[in-house]
Structures are given as C-alpha cells and as structure tokens.
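Here is the structure we will look at, set down as structure tokens.
What follows draws every value from the coordinates through simple rules; no lab data is involved. Quantities reported herein were computed from a predicted structural model and do not represent experimental measurements. Quick reminder, even Gly has a Cβ in these numbers, built from the backbone with ideal geometry, and neighbours come from all protein chains shown.
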Amino acid sequence: MQEEKVVYKDNVIAYKKYGRGERYIVCFHGFGQAGYRWGILEPFLGNQFTLIAFDLPFHGNTEWNRQDNFTVEKLVEIIKLVLPKNLEKFYLLGYSMGGRIALRVLQQIPNQIQKAVLLAPDGLHKNFWYHFATHTVVGRNLFYKSMKNPRLLFSIAKKLRDKGALSKSYYSMAEYYVSNDTSRMAIYYRWMGTRHFQPDLNRIRSLIVKHHIPVVMVFGKADKIIVADKGVLFTKGLEKYTTIKLLDTGHYFLRESYASLIASFFNDDK
C-alpha cells in the first residue's frame with residue numbers, strides 16, 4: 001500500500017494505492033469512511049489490479065476548500081491526474097454514497113468505464129430530505145442551524161420516527177453521527193460536498209446499453225438504508241448488462257468477511 005496525494009487547484013486530495021496490476025480500479029468509499037477501507041481487497045486483487053482509493057472531500061486526509069464546489073467535472077480531472085496517461089479504460093467501485101458518485105462518473109465518461117461494481121449504492125432514487133437540505137435555500141439554512149444546535153432536529157426526528165415517516169435505522173444513524181459538535185459539522189460539509197453528484201438514471205441506463213458496460217449491484221437483504229428493490233427497478237430491461245447480488249446481511253458489508261466475494265465481481269466472466 002502506498003499513501004499518495006495530488007494537488008488540484010487549491011485542494012489536496014489524498015488517496016491510497018493498493019496492488020500492482022496493470023488494470024485499474026477507482027474506488028469511492030461510503031459516508032464517514034475513507035479510502036483505507038478498500039485495503040481489504042488487496043490480497044485478492046493486488047496481483048491483477050491497482051486500486052486507487054480516494055479520500056473524498058471532508059473525509060480522511062483530503063483537504064478540500066469549502067468555497068470550492070466539488071463536481072463530477074473536477075473529479076474526472078483529478079482521476080486523470082492519478083491514472084496512467086495512456087490508460088484507455090478503468091473499473092469503478094463504490095460503496096453507499098460512493099456508489100452514487102461512481103454512477104455519476106459513469107454518466108460523465110461512459111466510454112472510459114470497463115465495468116462498475118456498486119455496493120449498496122445510493123442515488124437510485126431521489127431522497128426528499130437530502131434534496132431539501134442541500135438544494136434549497138430554506139433547507140440549507142435549516143440544515144446548518146440544526147447542525148449547530150441539534151435539539152430541534154432531534155425533536156422533529158423523534159416525531160417523524162414515531163409517526164413512521166422516518167425509519168428506525170435512519171433515526172439511529174442520525175443519532176450516531178450527531179453525537180458531538182465535530183461530527184455534526186462534518187455531516188453538514190460532507191452532505192453539501194456531494195450534493196452535485198445526482199445521477200440521471202434514465203441517461204445512465206441508455207449509456208450502459210450504448211457502451212456495453214457491465215454493472216454489478218450488490219445489496220444486503222436486511223438493508224433498511226439502501227433497499228434492493230431500487231436496484232431491481234433500475235436494472236429492469238438491462239439484464240444483458242447488469243447483475244444483482246443479494247447478501248444475507250444489512251447495509252454495512254464492506255468488511256473482511258465479504259472481501260473475497262467483492263473481489264470476485266472483477267472477474268471478466270462475472
């Protein structure tokens with residue numbers, strides 16, 4: 001494993017490099033994680049692949065200017081700075097939030113994508129609360145104030161949970177991440193930092209067919225955060241190019257016990 005950094009304008013993007021293979025996988029971690037989480041795949045993929053595992057803005061060791069919007073155009077430029085200049089195609093790997101980012105990259109440069117493996121990918125439907133909190137003036141103001149003073153947020157969240165409008169898993173996750181001042185403001189900047197990565201699902205479906213891009217989507221059967229039904233709906237009619245795998249687990253399956261299985265999805269016959 002090598003720890004690297006690349007400078008892009010006023011930003012410093014940290015990433016881990018795993019393996020020494022000639023084929024490249026660009027990896028995007030989940031919310032609150034960092035690139036090191038993909039290190040579990042090195043024993044299984046390191047001889048055939050090189051994994052580039054970014055720390056996304058406001059995660060890990062990446063230093064991103066808060067005044068600089070993080071967009072797919074900028075991410076593509078950063079990827080090009082890191083990958084070999086003569087590389088024609090590469091693989092995408094994303095988990096949860098990172099799955100949404102991977103989808104948006106596929107949409108942006110489909111002709112450069114060899115294959116995409118998406119683990120419990122976000123972005124397969126529009127989340128009203130995320131859109132309200134990050135794309136509207138009123139929502140952004142309320143979001144910021146709630147992170148500064150979470151008492152009102154918890155009061156509203158409890159009422160929504162009690163009425164069934166907010167799942168227990170979402171409430172528990174919110175309670176975990178909003179436990180202290182540092183965590184709360186990290187949520188704000190991380191949510192705001194990825195708000196421009198909203199995939200156009202119909203466009204992506206057509207691009208998968210046009211460019212013959214294999215896509216593997218993996219879901220946990222007990223996942224209450226990213227449900228498999230959204231993946232099934234997305235892949236309907238794309239059976240020639242897409243594969244769905246269901247695991248006997250919940251949302252958090254990016255761990256060693258599933259590493260060999262995740263790695264197997266990069267076999268060309270999968």
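Of note:
- With Cα atoms, 0 to 90° folded angle of helix 181-193 axis to the chain main axis: 60
- Ordering 161-168, 102-109 by mean Cβ neighbour count within 10 Å, with the highest value first, yields 102-109, 161-168.
- Average Cα contact separation per residue, the chain, under 8 Å, 6 or more apart, as relative contact order %: 18
- Stretching the chain fully between residue 48 and residue 2 yields a gain of 14.9 nm (0.36 nm per residue, less the alpha carbon separation).
- Judged by the mean number of other Cβ atoms found within 10 Å, the most tightly packed of the peptides 183-190, 89-96 leads the ranking 89-96, 183-190.
- Span from the the stretch 212-235 Cα centroid across to the the stretch 53-109 one, whole angstrom: 21
- In a simple Cβ point-charge model (Lys, Arg +1; Asp, Glu -1; nothing else charged), the chain has a dipole of about 840 debye relative to its Cα centre.
- Per residue convex hull volume, Cα atoms of the stretch 190-262, in Å³: 123
- Taking the DSSP bridge list for the chain and keeping only pairs wholly inside it, about 35 percent are antiparallel.
- Put simply, the C-alpha atoms of the stretch 1-160 give a gyration tensor, and the ellipsoid matching it has half-axes of 31, 17, 16 Å, longest first.
- Set against the 2.2 N^0.38 Å expectation for a compact globular protein, the chain has a Cα radius of gyration ratio of 0.99.
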